[in-house]
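The structure under discussion appears below in the form of structure tokens.
The values are calculated or read from the model by the stated rules, or taken from the named source; none is laboratory data. Since the model is a prediction, treat every value here as computed from it, not as a measurement. FYI the Cβ positions are ideal-geometry reconstructions off the backbone, even for glycines, and counts take in every protein chain you see.
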Amino acid sequence: MTRSRTQRLFEEEPTLMEASAQVLGCHTDGSIVLDRTIFCPRHADLPGDVGWLHNADGGAVRIVDTRVDREEPGLILHLPEQAVLGLAPGASVTLQVDWIRRLRHMRMHTALHLLCAVVPTEVQASAVTARMGFVDFAQPKGPIDTETLTGKMNELIARDLPVRPRWLEHNAALKKPDIARYLSSAERMGSDPIRVVDIAGLTVLPCGGPHVKRTSQIGRVRCNGIERVNNQAVRITLAFEEDQEE
């Protein structure tokens with residue numbers, strides 16, 4: 001396969017639910033590489049998108065995971081539930097993302113970024129699912145409790161703050177300690193601009209994933225737990241309030 005890059009449509013327009021694309025090639029494991037995609041690949045803290053791929057003949061296959069190609073990180077791999085025959089390079093396909101799942105990931109993903117403004121200390125780890133998410137913080141300053149965090153989070157969410165992705169010139173990003181500390185070694189050594197997500201200036205973090213456009217779209221959340229995971233970190237877990245009422 002010739003070296004190329006999959007255009008990441010979700011970076012600029014995360015609400016696209018359907019898009020056309022062309023096949024660049026297929027790997028021996030059945031994964032499909034496209035010239036562009038609305039499917040966000042799996043990150044360290046964010047599951048890969050799932051959905052459907054429709055070919056020109058009207059057939060459809062479920063995409064069960066999306067990942068970055070380890071050998072060519074510019075490419076995104078779409079993993080089908082079963083092998084797809086006849087997808088030659090240049091073939092036209094239509095992608096349809098599982099929007100209900102994606103939207104819940106976007107809402108929780110943005111909520112965790114906002115949590116980093118409420119608890120302004122270094123992040124050691126985080127994870128997002130469709131129903132909950134957590135952040136491991138390094139030694140938060142001062143006492144914290146679930147009710148106080150829940151109140152502060154919902155206050156910020158209700159303010160309908162703008163959530164804006166933007167790009168920073170590489171050297172400028174390296175000069176900002178609060179951004180540089182979260183860059184991978186490959187990002188540090190590279191020269192490409194760094195994508196960050198800015199929530200009204202309250203928190204600016206490097207991130208390649210999709211988010212809602214305003215905090216009010218997160219919906220109300222609840223802090224479900226605060227627990228020490230080791231001598232260096234405290235885990236704070238969030239869930240959607242709507243799920244607590246089920």
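Scanning the range 17-34 for residues that are crowded, with 16+ Cβ neighbours inside 10 Å and not hydroxyl-bearing (Ser, Thr, Tyr) yields ALA19, ALA21, VAL23, LEU24, GLY25, CYS26, GLY30, ILE32, VAL33, LEU34. The residues on offer are ALA138, ALA127, and the sole one that is of a type in the set (Gly, Ala, Ser), assigned by TED's automatic domain parsing to the domain that holds GLY208 and in contact with a Ser or Thr (Cβ under 7 Å, 6 or more places away or on another chain) is ALA138.
Taking the range 109-122 as the range and being among the hydrophobic types (A, V, I, L, M, F, W, C) and either part of a loop (DSSP other than H, G, I, E, B) or in contact with a strand residue (DSSP E or B) (Cβ under 8 Å, 6 or more places away or on another chain) (or both) as the test, the residues that pass are ALA111, LEU112, LEU114, LEU115, CYS116, ALA117, VAL119.
Out of contact with any helix residue (DSSP H, G or I) (no Cβ under 8 Å at 6 or more places or on another chain) and in a helix (DSSP H, G or I), is that true of GLU11? Yes: the conditions hold for GLU11. Among the numbered conditions (1) crowded, with 20+ Cβ neighbours inside 10 Å; (2) among the acidic types (Asp, Glu); (3) closer than 22 Å to GLY225 by Cβ, the only one that ASP49 does not meet is (3). Can you name the residue in the range 222-246 that is of a type outside the set (D, E, K, R) and touching a Ser or Thr at 6+ places or on another chain (Cβ under 7 Å) and, of all such residues, is surrounded by the fewest Cβ atoms within 10 Å (Cβ to Cβ)? Filtering first and then ranking leaves GLY225.
Put simply, of ALA180, ALA186 the only residue that is within 16 Å of CYS116 (Cβ to Cβ) and not assigned by TED's automatic domain parsing to the domain that holds THR37 is ALA180. Does the range 176-187 contain at least one residue that is under 17 Å from GLU155 (Cα atoms) and free of Cβ contacts under 8 Å to residues at least 40 places away in the same chain? Checked against the condition, which is being under 17 Å from GLU155 (Cα atoms) and free of Cβ contacts under 8 Å to residues at least 40 places away in the same chain, the range 176-187 yields no hits at all. The residue pairs whose first member lies in the range 163-174 and is without any contact (Cβ under 8 Å) to a residue 60 or more places away in the chain and under 14 Å from PHE10 (Cα atoms), whose second member is of a type outside the set (Ser, Thr, Tyr) and assigned to a strand (DSSP E or B), and whose beta carbons are closer than 7 Å, counting only pairs six or more residues apart or on different chains, are ARG164/ASP198; ARG166/VAL196; ARG166/ASP198. Note on the range 197-221: among residues that are charged (D, E, K, R) and closer than 16 Å to THR15 by Cβ, the one that is surrounded by the fewest Cβ atoms within 10 Å (Cβ to Cβ) is LYS213. Of the strands (runs of 3 or more DSSP E) lying entirely inside the range 123-213, those containing at least 3 residues that are within 27 Å of VAL50 (Cβ to Cβ) and of a type outside the set (Asp, Glu) are 123-128, 132-138, 163-168, 194-199. Of the residues ASP145, ASP160, the single one that is touching a helix residue (DSSP H, G or I) at 6+ places or on another chain (Cβ under 8 Å) and surrounded by fewer than 13 Cβ atoms within 10 Å (Cβ to Cβ) is ASP160.
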